[in-house]
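Read through the structure below, which is laid out as structure tokens, and then see the notes.
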Amino acid sequence: MKLNIVCIPGDGIGPEVVAEAKKVLNAVADKYGHEMSFTDILMGGASIDACGEPLTDEAIATAKAADAVLMGSIGGNTSTSPWYKLPSHLRPEAGLLKLRKALNLFANLRPANLYEELKEACPLRDDIIGDGFDMMIMRELTGGLYFGERSTKEVDGVMTAVDTLTYNEDEIRRIAIKGFDIAMKRRKKVTSVDKANVLDSSRLWRKVVEEVAKDYPEVTLEHMLVDNCAMQLVKNPRQFDVILTENMFGDILSDEASKVTGSIGMLASASLNDTKFGLYEPSGGSAPDIAGMGIANPIATILSAAMMLRYSFDLDAEADAIEKAVKKVLEENYRTIDIMPQEEDKKATVTQIGTAKMGDLIAERI
Ligand code: NAD
């Protein structure tokens, strides 16, 4: 298969971790006989420095022409970097928002899984963790409360603020279809999260999700209220496969779920539109505090590349190969600094390595 991949190395540790993901993708291409081409574009601070804006129209056109986009991360130290003295539409993050909009990326996927080998990083009790958990949070990204009309004004002498939460059935249907499609590639269970006991938008959400479910008879659907879901994530995370939810609920629940897994350096993410196209990136930021030191964990970006193979290219065996290689390296007790055990006696049982070595070891195990 010919894959035309656009890469956005970005800022901070971005270029370091993207280089390792490319290394692993090249190993996959060699092993499985694919032809992968990589084209880099600038975004964020790197683009501000070179072009005077966080994302140029030419860069957007290049991204649009690709089969998928693999990103590192963008941004700098928000207190000290000169990028943050610029007006907000010229700051690094404006580039990412512009790209998401240009590519119509309405579905955000964040896996939260716990590796047996990294159990000690999880704040939950052993009896709750069991043999680990593996869920996918599917969040609607372009509608709901964050995009509704808002205002703040004085009403009868009292300052009053209004935010509106709007969803139409088409917006709900397209994210629900994505959620069920993803569930078909996993353990075939969807937990749709809403607040249907109070909100009209949630009642419509529930109705449309039930309609979509009829086309997926193999998938088990359950509904859960968002307050209960927040509790269940720490009480029994093993019950979840795909959590399907709207924008604000997903924002909060995905952060909660990522926290219970331990390290940010392990968490991949994907943002998809209604074709197979997607933007794949680690959940963390550009980590300016460790940029250039060669110690960043590249695994989140490497796992994002695996998501790209699975969801944009339907290359499940190749994606499995990357995920297995990551697991193997962890089983062999190699760790970057962020996933080192905290206790002194346990430190002696593992080998601390840097970014490039981690990429090498994973690529070798494909
Ligand atoms: P951050 O995620 O960059 O860093 C938080 C902490 O996690 C730091 O101590 C960092 O060293 C560590 N960390 C993050 N990724 C790591 C990795 N792969 N390996 C090892 N350690 C890792 O969050 P922040 O400090 O709040 O933000 C820094 C910059 O990143 C800001 O400019 C912010 O706007 C930007 N940011 C960008 C994105 C994105 O590009 N999508 C997302 C979040 C934050």
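Read the figures in this text as sums done on the coordinates, not as results from a lab. Predicted model, so just to flag it, every value in this text is computed and none were measured. Every residue, glycine as well, gets a Cβ built from its backbone with ideal geometry; the counts of neighbours run over all protein chains shown.
Here is how the numbers come out for the structure above:
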| quantity | calculated |
| --- | --- |
| Candidate lysines for bridging to residue 98, where Cα separation is under 24 Å - those fewer than 8 sequence places away on the same chain excluded | 64, 85, 178, 276 |
| Estimated FRET transfer efficiency when R0 is 25 angstrom, pair residue 4-residue 184 (beta carbons, to 0.05) | 0.45 |
| Compactness relative to 2.2 N^0.38 Å, alpha carbon Rg of the chain | 1.00 |
| Reach of residue 235 by Cα under 22 Å, taken over lysines that are not fewer than 8 positions away in the same chain | 119, 188, 189, 195, 259 |
| Antiparallel bridge percentage (DSSP; both residues within the chain; nearest 5) | 40 |
| For the range 123-260: relative contact order, % (alpha-carbon pairs under 8 angstrom, 6 or more apart) | 38 |
| Calculated on alpha-carbon atoms, Rg and Dmax of the range 234-366 in Å | 15.9, 50 |
| Efficiency of FRET between residue 50 and residue 78 - r from beta-carbon atoms, R0 25 angstrom, step 0.05 | 0.75 |
| For the range 295-340, radius of gyration divided by Kirkwood radius, i.e. Rg to Rh on alpha-carbons | 1.04 |
| Shape category assigned to the range 123-260 from the gyration tensor of Cα positions, a/c cut at 1.5 | oblate |
| The chain, relative contact order in percent, only Cα pairs under 8 angstrom and at least six apart counted | 22 |
| For 361, 303, order by how many other beta-carbon atoms lie within 10 Å, fewest first | 361, 303 |
| Whether the range 1-83 is rounded, prolate or oblate, judged on the alpha carbon gyration tensor where a/c under 1.5 counts as rounded | oblate |
| The range 282-340, relative contact order [Cα under 8 Å, separation at least 6], % | 36 |
| Between the range 339-366 and the range 146-208, the alpha-carbon center distance in angstrom | 41 |
| Trypsin sites (Lys or Arg not before Pro) within the range 115-202, DSSP loop, no more than 10 other Cβ atoms inside 10 Å | 125 |
| Simple label model, 7 Å out from Cα along Cβ direction - residue 345 to residue 119, nm | 1.6 |
| Under 19 Å from residue 31, Cα to Cα: aspartates and glutamates that are on another chain or at least 8 residues apart | 20, 314, 316, 318, 320, 323, 360, 364 |
| CD proxy at 222 nm, helix term only [per DSSP H run n ≥ 4: -39500 (n - 2.57); per residue of the chain; nearest 500] | -12500 deg cm²/dmol |
| Assigned charges on the beta-carbon of Lys, Arg, Asp, Glu; the range 123-260 dipole about Cα centre (debye) | 380 |
